[in-house]
Amino acid sequence: MNDQELLQKITAKDQNAFKELVDRFQSLVFHTCFNLIGNREHAEDVAQEVFLQIYKTAKKFRHECKLSTWIYRISVNRALNFIRDNRKFRWLQSIDSFPGDETRITPAFSSLNLNSHDALMRENERKELIRSLLDSLPEKQKAAFILHKMSGLSYQEIAEVLEVSLSTVEARIHRAKINLQKALISCLKKI
Amino acid sequence: MVMDCIAVEKSLVAIAENSIPERRLKELRLHLESCSNCSLLVKRFTKIWQKIGRGEQIEPSSSFWIELQQKMSAREERKFWLADVFIGARRLFRPAALVFTLIAGIFAGYQIGNVPQDSGTARIEGKISGANLEEPISAPYFESFEDYPKGSVTDFYLSSKIDKKE
Ligand SMILES: [Zn+2]
């Protein structure tokens, strides 16, 4: 079954076709959400929301781009919305729980125990460091960088997913690399 | 030219991604041989950078599809429930809106038909010496009466009326 047939059946609320779409794109959607959000449970939750949106809006897909591009786009938008909403929620929570506590404005790497080189080399701490580095990026740079570096999309594909020009993608990835380089150097120098 | 420490720091991503030009690579090697700080920094940076590129090897849970189906049925139920509430509300709202429109129409009609005869008018009396106009002139005209520019059409019209009365 090709993409067009699959979507036609989903529009007609065919559950088998929808299951096939989920099987085909589950990994793509989950990894995109996970790489952007950085938490398994939340990423799974958002990935399910992505599929619910696809099920609901399948008839709106005009085949102007590849199905995978459209699914990437929904995944990125949903994940970024989740991060935005969660950030507001976490900020409100921090005000509620720690009135006057200055630790809430500490830099992104504050939670890491970077006392020794050995500690850094431990797998979990390295994952945490990478997550902190990615989370320190502005969301547009983060999305472009993750799609390129982790999802392995070309600049042209990223431009289609994010609906921006090729030069914008190049600029965002270039800036992301510079920012990550600076952040990682300052982090490594502290060890 | 030999690279300095700052140049090495600025090239770390390029070094980690193996995209540094051949000519710069020689300069880099020369610097790293003589600078242990940069050598260590390059090693650590490259290790982490390559990890960033690989991402985490993690898969969604086996219950992904079941949970998705549960969410779908919960949404469907909620949709039907909301639709019932909406239909019920519409059944009540339609006659209520009709009665309200009818009452509002009657009230507006009554107000329009009950305007007092001399409301909003004033007589020009004593404002202009010798003038005693019988016709009622509306209040806005009265307020701006003295502001008409001399020689204007309005000025000509009003002064000719006053002249006739005299
Ligand atoms: Zn050096």
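Restricting to segment B:1-21, and then to whatever is within 24 Å of A:Lys149 (Cβ to Cβ), more than 12 Å from the ligand (Cβ to nearest atom) and touching a residue at least 12 places away in the same chain (Cβ under 8 Å), can you tell me which residue is most open to solvent (accessible area, probe 1.4 Å)? Among those residues, the one meeting the criterion is B:Glu17.
Scanning segment A:156-191 for residues that are among the hydroxyl-bearing types (Ser, Thr, Tyr) and closer than 27 Å to A:Lys127 by Cβ yields one hit, A:Ser186.
Taken together, the residues in segment A:21-36 that are among the charged types (D, E, K, R) and either closer than 14 Å to A:Thr69 by Cα or open to solvent by less than 10 Å² (accessible area, probe 1.4 Å) (or both) amount to 1. For residues that are of a type in the set (A, V, I, L, M) and more than 10 Å from the ligand (Cβ to nearest atom), scanning just segment B:29-54, find the one that is most open to solvent (accessible area, probe 1.4 Å). Per the criteria, the residue is B:Leu30.
Within segment B:26-66, restricting attention to residues that are among the small types (Gly, Ala, Ser) and more than 10 Å from every other protein chain (Cβ to nearest Cβ), which residue is farthest from A:Ser27 (Cα to Cα)?
The extreme case among them is B:Ser34.
Can you confirm whether B:Glu67 is at pLDDT 85 or above and touching a helix residue (DSSP H, G or I) at 6+ places or on another chain (Cβ under 8 Å)? Here the answer is yes, as B:Glu67 does meet what is asked.
Among the candidates A:Ser154, A:Ser111, the residue that is more than 11 Å from chain B (Cβ to nearest Cβ) and either at pLDDT 95 or above or open to solvent by less than 50 Å² (accessible area, probe 1.4 Å) (or both) is uniquely A:Ser154. If you go through segment A:14-49 and keep only what is more than 10 Å from every other protein chain (Cβ to nearest Cβ) and either over 26 Å from the mean Cα position of the chain (by Cα) or β-branched (Val, Ile, Thr) (or both), you end up with A:Asp14, A:Asn16, A:Ala17, A:Thr32, A:Ile37, A:Val46. In this entry, A:Lys140 passes the filter for residues that are farther than 24 Å from A:Glu125 by Cα, modelled with pLDDT of 95 or more and either part of a helix (DSSP H, G or I) or touching a helix residue (DSSP H, G or I) at 6+ places or on another chain (Cβ under 6 Å) (or both). Restricting segment A:165-191 to residues that are polar (S, T, N, Q) and closer than 23 Å to B:Arg44 by Cβ leaves a set whose member that is surrounded by the most Cβ atoms within 10 Å (Cβ to Cβ) is A:Gln181.
B:Ser62 fulfils the conditions (1) open to solvent by 90 Å² or more (accessible area, probe 1.4 Å); (2) part of a helix (DSSP H, G or I); (3) at pLDDT 90 or above except for a single criterion, (2).
The values are calculated or read from the model by the stated rules, or taken from the named source; none is laboratory data. What you are looking at is a predicted structure, and each value in this text was computed from that prediction instead of being measured. Using ideal geometry, Cβ is built from the backbone for each residue, glycine included, and neighbour counts are taken over all protein chains shown. In case anyone asks, the SASA skips ligands and DNA or RNA and just uses the protein heavy atoms, side chains included. Shrake-Rupley method; radii C 1.70, N 1.55, O 1.52, S 1.80 Å.
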